[in-house]
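Here's the structure, in structure tokens; my notes come after.
The values are calculated or read from the model by the stated rules, or taken from the named source; none is laboratory data. Note that the coordinates shown come from a computational prediction; the quantities given were computed from them, not determined experimentally. No Cβ is skipped: glycine too gets one built from the backbone with ideal geometry, and neighbour counts run over all protein chains shown. Just the protein is used for accessible areas: all its heavy atoms, side chains included, with ligands, DNA and RNA removed. Shrake-Rupley method; radii C 1.70, N 1.55, O 1.52, S 1.80 Å.
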Amino acid sequence: MGSVGLLYVGAVLFLNGLMLLGAVPPRSAAILNLFVGALQCVIPTAMLLQAGTDTGVVLAASGLYLFGFTYLYVGIGNLADLDPRGVGWFSAFVAAAAVVYSLVSFTVVHDPVFGVIWLAWAGLWTLFFLVLGTGRDDLARFTGWTALLLSQPTCTLPAFLALTGHAPTSPGLAALWAVGLALLVAIAAVLGLPAAGRRSPFHRGLTATTR
């Protein structure tokens, strides 16, 4: 069930990357954030209601709320023109939690591929924290490119693999996944960091009333 939500997380992360790059207005991106945020709250709630004493299902459901709340926060913040520091600092919590979920994936669930994916999400949400929580506008374009490039291999692709019953995991495959994600982050750095200092339209839209 969680793979259904993950499929659409890939879409909203892609859109939010474009928003950070200035290609999509914040208010325009807000609607999909609200849709996916709501979905990522409904799905884990349904999972919890059906879990009973299955702690594995409870564990899987618990992590989904991190993203559901993030996207609801972004969607509401964009529409209401809220100060972004709230969602920025919440992103710091998400990043820290993602590190824990990564460790759990490696050691308890024995899914090293998702251990790597959780680490990628931890890094991405750390960037959200730096841009939105601390005002590091110089990282906005790098963050936008990172979100855009990581959206598909960390969300859409694993979701499709899981939905079709073809989601193998092994240390070797996890290593390949890690190398691929690292290369994408390097590409994001090349594309985003030369334009450092340019103000993010996403950040500007959210801070219009506080600057």
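Quick grid of which residues meet (1) assigned to a helix (DSSP H, G or I); (2) among the acidic types (D, E); (3) within 14 Å of F14 (Cβ to Cβ); (4) open to solvent by less than 40 Å² (accessible area, probe 1.4 Å):
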residue: L119; (1), (2), (3), (4): yes, no, no, no
residue: T126; (1), (2), (3), (4): yes, no, no, no
residue: R141; (1), (2), (3), (4): yes, no, no, no
residue: Q152; (1), (2), (3), (4): yes, no, yes, no
residue: T156; (1), (2), (3), (4): yes, no, yes, yes
residue: G172; (1), (2), (3), (4): yes, no, no, no
residue: L183; (1), (2), (3), (4): yes, no, no, no
Quiz prompt | Close pairs (8 angstrom Cβ cut-off, 6 or more residues apart or separate chains): of a type in the set (A, V, I, L, M, F, W, C) in the stretch 149-161, not in a helix (DSSP H, G or I) anywhere | solution = L161/A167
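Test of understanding: among V74, V24, V58, which residue is of a type in the set (V, I, T), assigned to a helix (DSSP H, G or I) and closer than 24 Å to G192 by Cβ? Break it down stepwise before answering.
Details: V24 fails: assigned to a helix (DSSP H, G or I); V58 fails: closer than 24 Å to G192 by Cβ.
Unique residue meeting the criteria: V74.
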Quiz item: Do you know which residues across the stretch 37-69 are touching a residue at least 40 places away in the same chain (Cβ under 8 Å), open to solvent by less than 40 Å² (accessible area, probe 1.4 Å) and of a type outside the set (G, A, S)?
Solution: I43, P44, M47, L64, F67
Exercise. Among the numbered conditions (1) open to solvent by 40 Å² or more (accessible area, probe 1.4 Å); (2) β-branched (V, I, T); (3) closer than 23 Å to D138 by Cβ, tell me where V24 comes up short.
Key: (1)
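Residue under question is G77, and the condition is that it be of a type outside the set (S, T, Y), at pLDDT 95 or above, surrounded by 15 or more Cβ atoms within 10 Å (Cβ to Cβ) and in contact with a Pro (Cβ under 7 Å, 6 or more places away or on another chain); does it hold?
Working: of a type outside the set (S, T, Y): yes; at pLDDT 95 or above: yes; surrounded by 15 or more Cβ atoms within 10 Å (Cβ to Cβ): yes; in contact with a Pro (Cβ under 7 Å, 6 or more places away or on another chain): yes.
Here the answer is yes, as G77 does meet what is asked.
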Quiz item: Given the residues V99, V109, which is the only one that is open to solvent by 40 Å² or more (accessible area, probe 1.4 Å), closer than 25 Å to L176 by Cβ and over 18 Å from the mean Cα position of the chain (by Cα)?
Solution: V109
